[in-house]
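Written below as structure tokens is the structure these notes are about.
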Amino acid sequence: MFVPSYQFLAFAILAAIVYHLARVKSLRTAVLLVTNLLFLASFSTAPVLWIPFAVFLLFGFLTVRFLQARPGSRLAVWVIVTVVLFCWIKRYAVIPSALLLTAPYVTVGLSYIFFRLMSLIIDAGQGVHSERLGVVEYLNYTLNFTCLTAGPIQRYEDYREARFQITPIVLGEAAERIISGLFKVMIVSELLNSWLKEVIAALPASHTLMEHTTAAALLIAIYPVYLYFNFSGYTTFVIGCAALFGMRLPENFDRPFTAVNFLEFWSRWHISLSNWLKSYVYNPLLMSMMRRSPRPSVVPFLAVIAYFATFFLVGAWHGQSSEFLFFGLLQGGGVSANKLYQVLLTERIGRQRYKRLAANPLYAAICRGLTFAWFGLTLFWFWSNWIQLHGFAEQLGAAALFAGFALVTMVASIVLQAALWTRSRLEDVHLADTQVVRSRYVRTVFLTAMAVVLLISGIVLNSPAPQIVYKTF
Amino acid sequence: MSGIEPAPAAVERADIDRPADKRLSLRDYLLLFLTVILTLAFIGCVSEFGARLIWPQQDVDQCETWVGENVTVAPNCRATVKAAEGQWVEYHYNECASRSAASCGPKPANALRFVTIGTSISRGYWVAYSDSFSGRLEQSLGRSCKRPVEIHNLSYSAYQNRTWETAAQQTDRAMQLDPDGVILVVSSFDMLQWTPPSSSGGATAPAASSTVAADFVSILGQLRGSAGDSRAMTMAMHFAFEDPDRYLRFFIQHGDSADYLRPGMSPAWHARLEMVDAAVGKIAAATKAAHVPFFLLLAPLRPGILLAHSRAEFPDLDPNAFPNALAEIARRHGAVFVDPTHLQSTAPNWNELYMVADGHPNARGHQLIAKALQDALLENVGALRTCAASPAAGVTRSASLQPAQP
């Protein structure tokens with residue numbers, strides 16, 4: 001079952017109705033489990049294809065239970081074993097191909113299950129979980145169908161506590177989430193994807209440096225915007241679907257392109273992943289290094305190293321091939337270079353002057369544009385393979401790529417600044433005590449418009465394509 | 001600044017994160033409902049008004065009178081029509097109610113006269129007569145042969161269950177015109193209008209008909225049907241399906257109407273081909289008795305052209321299945337088969353030959369049909385063999401034509 005889709009939405013609504021009809025907590029837990037398993041079954045009903053997936057889940061459960069019974073016992077070993085098992089099942093390039101399973105099997109959502117499982121294992125090993133984890137609760141947490149395929153990543157404590165009561169307002173807000181999520185994915189990101197395809201298709205026809213520069217700029221700029229609408233639309237949609245069950249999922253995006261540096265960018269993009277890595281990679285790594293080198297003058301540089309390691313993992317986690325390792329290097333390199341620049345500049349000009357510089361609107365606008373352009377450039381290794389990358393480089397040439405990068409930086413600086421200014425002006429408009437743009441009536445107008453566009457596109461694209469419309473003949 | 005600290009203001013966060021302590025009054029519910037209704041009305045009116053302003057349409061042919069599924073056309077009548085996606089054009093019907101520049105009286109001395117039997121494409125629906133394949137042929141053959149060439153269209157409605165009986169019934173009228181050639185124009189859409197009694201429609205459609213998704217799709221289909229006359233919807237369809245890949249992928253999902261593109265074809269399409277076979281047999285018998293060459297012209301539609309162009313991407317489909325079946329029928333009855341598919345699918349403007357939402361060929365599409373038909377006529381009509389092919393009216397002789405010989 002594709003997420004987001006109308007099919008998934010119908011499934012979620014049906015499951016939510018059954019869930020709320022069950023008044024007893026244990027019954028609701030059972031409904032949730034059945035829903036999660038039915039969602040998995042929509043990918044494959046052949047039990048044999050689920051064996052590695054089930055083994056991973058079983059291993060995780062037994063490990064958590066073992067560590068809950070004996071907190072602290074060789075936690076690092078269990079973490080390493082879990083990582084290796086995950087990499088083996090996901091067929092990461094770091095595992096020798098001779099060791100990999102050759103038969104096909106299902107790995108849907110395994111990357112996100114991995115994060116949930118790791119947090120369970122580490123927390124259990126550190127004695128965070130006092131309650132013994134039941135098998136049903138474990139399965140409902142790790143297999144939560146609303147966020148199985150692409151997150152957001154939620155820690156177990158948050159999952160347990162993030163419940164609220166369903167009211168008409170909550171349902172309205174869930175509908176708002178669902179419609180705007182579908183609109184972002186099905187309309188906006190689809191249009192951007194078509195545009196990107198057109199740009200790629202037109203590459204052979206571009207000959208002059210100006211045409212190459214424009215093409216390079218579009219290739220750098222379109223994909224991050226597409227990815228934003230695609231992924232944030234998905235997240236918005238699943239947050240709305242989870243709300244139908246009274247479950248709160250964490251936010252994943254916070255206007256990432258308004259970030260003035262790459263460090264801030266990653267606190268606004270895929271937030272649940274950043275937060276997870278902060279808790280389980282960055283903080284422990286930095287603490288460990290600080291224990292070894294506790295001199296205060298060294299600590300900022302240790303943070304640079306910790307940032308590199310953390311964001312290298314962010315990039316590398318996205319895929320199994322060598323392109324993603326390079327993507328990880330670019331993410332880690334970008335973040336650590338950004339941190340190093342901050343450290344060195346602060347040392348050179350002083351904290352106050354650095355703060356004043358960072359607050360300068362022109363400086364912030366240029367940094368914003370540069371952040372966007374850098375992210376767009378690094379994404380080449382996310383959506384292309386080496387052969388395609390070689391093709392782009394050959395067709396466009398280094399000069400056009402460099403000029404395209406500069407053009408994106410300049411245009412993004414202006415456009416993003418203009419967008420921020422417009423937003424702030426709109427937010428200033430008040431009626432009585434309410435911001436007009438946030439009033440439920442204005443939101444309803446926008447949502448209705450989005451729903452109409454979705455409906456029309458659904459009607460057009462899901463009915464027979466036109467052939468001959470004989471109006472009167 | 002710590003890079004992975006959560007951002008201070010999570011502005012994309014909706015009210016789901018806040019405690020559900022707010023209540024709506026009845027007044028709020030009513031106002032919200034009214035807001036939705038007014039927004040819908042506003043969007044509907046503005047988009048429809050805008051679409052009608054940008055793409056006006058006159059689809060009522062004032063010369064036509066419909067009685068049930070049959071249409072009669074007033075003789076010596078003129079009508080002005082326009083497809084939403086097309087240009088304003090004038091239809092002129094002669095004294096025999098045929099869309100032709102020539103009179104249907106006795107054939108003038110030295111003139112060559114051809115009769116086409118077919119439905120809308122044959123009549124040049126939505127295009128100026130000079131842009132239709134008939135008009136182009138009259139011009140180009142007239143110039144190259146240096147003698148008058150007339151083409152008379154005996155058109156009938158495709159919207160009937162007796163399409164092919166009606167087609168065969170036109171034979172007597174055609175022969176009364178003393179033609180030098182008779183052309184039966186066949187399109188897959190004409191054939192689709194006849195549903196075999198035992199046919200289950202889209203039996204071979206790959207869609208999972210029992211799923212929730214399929215039910216939803218059918219609801220959407222009904223909605224689309226009810227919004228069929230909306231110009232905004234026509235516009236939406238035009239832009240949604242301009243992309244050939246998207247068009248083809250959606251088209252092939254819809255069972256019976258797309259089954260003629262599948263290798264082997266469905267039983268329903270075999271039954272339809274039998275109907276065409278019978279009609280072709282009757283016309284062929286009459287033309288053979290009068291020693292008049294008979295042509296079976298396939299009027300391709302956009303799906304077939306797109307498929308022929310990008311065949312490799314759709315290995316489960318066969319763009320030649322339908323043309324081959326018609327070629328076999330033509331061969332069996334001694335007719336010359338004319339297939340413009342290759343000319344259209346290899347043309348530089350292959351994706352611009354049809355009106356996307358309406359489906360009829362535009363002037364460019366007619367030009368290539370004319371080119372294919374001209375080659376066949378020059379090849380097979382004795383009186384035309386001495387004519388040099390003329391590039392006039394945008395029609396040049398094609399080397400790619402291979403008529404099916406008896």
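Before moving on, here are some points about what is shown:
- If you check A:Val314, A:Val281, A:Val298 for being under 28 Å from A:Val408 (Cβ atoms), at pLDDT below 95 and aliphatic (A, V, I, L, M), only one passes: A:Val314.
- Those helices (runs of 4 or more DSSP H) lying entirely in the stretch A:70-142 with at least 3 residues over 30 Å from A:Ala30 (Cα atoms): A:75-89
- Which numbered condition A:Ile187 fails, given (1) closer than 29 Å to A:Leu9 by Cα; (2) open to solvent by less than 20 Å² (accessible area, probe 1.4 Å); (3) at pLDDT below 95: (2)
- When the stretch A:241-258 is filtered for residues that are in a loop (DSSP other than H, G, I, E, B) and within 16 Å of the chain's Cα centre (by Cα), the ones remaining, listed by number, are A:Leu249, A:Pro250, A:Glu251, A:Asn252, A:Phe253, A:Asp254, A:Arg255.
- Residues that are among the small types (Gly, Ala, Ser) and outside any helix (DSSP H, G or I) within the stretch A:319-338 comprise A:Gly319, A:Ser321, listed in sequence order.
- Scanning the stretch A:346-364 for residues that are surrounded by fewer than 19 Cβ atoms within 10 Å (Cβ to Cβ) and within 25 Å of A:Arg255 (Cβ to Cβ) yields A:Tyr354, A:Lys355, A:Arg356, A:Leu357, A:Ala358, A:Ala359, A:Asn360, A:Pro361, A:Leu362, A:Tyr363.
- Scope the stretch A:365-389; condition open to solvent by less than 50 Å² (accessible area, probe 1.4 Å), among the aliphatic types (A, V, I, L, M) and assigned to a helix (DSSP H, G or I); matching residues: A:Ala365, A:Ala373, A:Leu377, A:Leu389
- Of the residues making up the stretch A:155-171, those that are open to solvent by less than 40 Å² (accessible area, probe 1.4 Å) and either facing chain B (nearest Cβ under 8 Å) or under 16 Å from A:Asn252 (Cβ atoms) (or both) are A:Tyr159, A:Ala162, A:Phe164, A:Thr167, A:Ile169, A:Val170.
- Filter result (closer than 13 Å to A:Tyr307 by Cβ and at the interface with chain B (Cβ under 7 Å from one of its Cβ atoms)) within the stretch A:265-276: A:Trp266, A:Ser267, A:Ser274
- Residue within the stretch A:275-294 that is basic (Lys, Arg), in contact with a Lys or Arg (Cβ under 9 Å, 6 or more places away or on another chain) and within 27 Å of A:Ile113 (Cβ to Cβ) present: no
- Pairs meeting the criteria (first residue in the stretch B:126-146 and farther than 25 Å from B:Val356 by Cα and at pLDDT 95 or above, second residue surrounded by fewer than 24 Cβ atoms within 10 Å (Cβ to Cβ) and not hydroxyl-bearing (Ser, Thr, Tyr), beta carbons under 8 Å, at least 6 apart or on different chains) are lacking.
- Total residues in the stretch A:121-132, condition buried (at least 18 other Cβ atoms within 10 Å of the Cβ) and more than 15 Å from A:Phe56 (Cα to Cα): 4
- Of the residues A:Phe301, A:Phe311, A:Phe327, the single one that is more than 14 Å from chain B (Cβ to nearest Cβ) and crowded, with 19+ Cβ neighbours inside 10 Å is A:Phe327.
- Output for the stretch A:13-51, where each listed residue is under 21 Å from A:Glu137 (Cβ atoms), open to solvent by 50 Å² or more (accessible area, probe 1.4 Å) and polar (S, T, N, Q): A:Ser26
- Subset of the stretch A:237-264 (residues that are more than 21 Å from A:Arg116 (Cα to Cα), within 7 Å of chain B (Cβ to nearest Cβ) and either touching a Gly at 6+ places or on another chain (Cβ under 9 Å) or of a type in the set (Phe, Trp, Tyr) (or both)): A:Leu263, A:Glu264
- The numbered conditions (1) under 28 Å from the mean Cα position of the chain (by Cα); (2) within 19 Å of A:Tyr141 (Cα to Cα); (3) of a type in the set (Ser, Thr, Tyr); (4) surrounded by fewer than 19 Cβ atoms within 10 Å (Cβ to Cβ) are all true for A:Tyr6 except (2).
- Complete set of residues in the stretch A:274-298 that are open to solvent by 40 Å² or more (accessible area, probe 1.4 Å) and in a helix (DSSP H, G or I): A:Asn275, A:Lys278, A:Ser279, A:Asn283, A:Pro284, A:Leu285, A:Met287, A:Met290, A:Arg291, A:Arg292
- Residue within the stretch B:301-317 that is β-branched (Val, Ile, Thr) and in contact with a strand residue (DSSP E or B) (Cβ under 7 Å, 6 or more places away or on another chain) present: no
- Any hit, the stretch A:129-150, residues being among the hydrophobic types (A, V, I, L, M, F, W, C) and within 21 Å of A:Ser73 (Cβ to Cβ): yes
- The residues in the stretch A:405-423 that are polar (S, T, N, Q) and over 13 Å from A:Ala364 (Cβ atoms) can be counted, and the count is 2.
- Any strands (runs of 3 or more DSSP E) falling wholly within the stretch B:75-159 and containing at least 1 residues that are closer than 23 Å to B:Leu296 by Cβ and more than 14 Å from every other protein chain (Cβ to nearest Cβ): B:112-118, B:149-155
- Matching residues in the stretch B:54-64 - criterion: being assigned to a strand (DSSP E or B) and either in contact (Cβ under 8 Å) with a residue 24 or more places away in the chain or farther than 23 Å from B:Gln87 by Cα (or both): B:Gln58
- Sole residue being within 9 Å of chain B (Cβ to nearest Cβ) and either surrounded by fewer than 16 Cβ atoms within 10 Å (Cβ to Cβ) or of a type outside the set (A, V, I, L, M) (or both), chosen from A:Thr444, A:Thr434: A:Thr444
- The residues listed here are A:Leu209, A:Leu192; of these, the one that is open to solvent by 10 Å² or more (accessible area, probe 1.4 Å) and farther than 30 Å from A:Tyr6 by Cβ is A:Leu209.
- Flag if A:Phe2 is modelled with pLDDT under 95, closer than 30 Å to A:Thr167 by Cα and within 14 Å of another protein chain (Cβ to nearest Cβ): yes
The values are calculated or read from the model by the stated rules, or taken from the named source; none is laboratory data. Since this is a predicted model, take the numbers as computed values, not measurements. Here Cβ is always computed from backbone atoms with ideal geometry, including for glycine, and neighbour counts include all displayed protein chains. All accessible areas refer to the heavy atoms of the entire protein, side chains included, with ligands and DNA or RNA removed. Shrake-Rupley method; radii C 1.70, N 1.55, O 1.52, S 1.80 Å.
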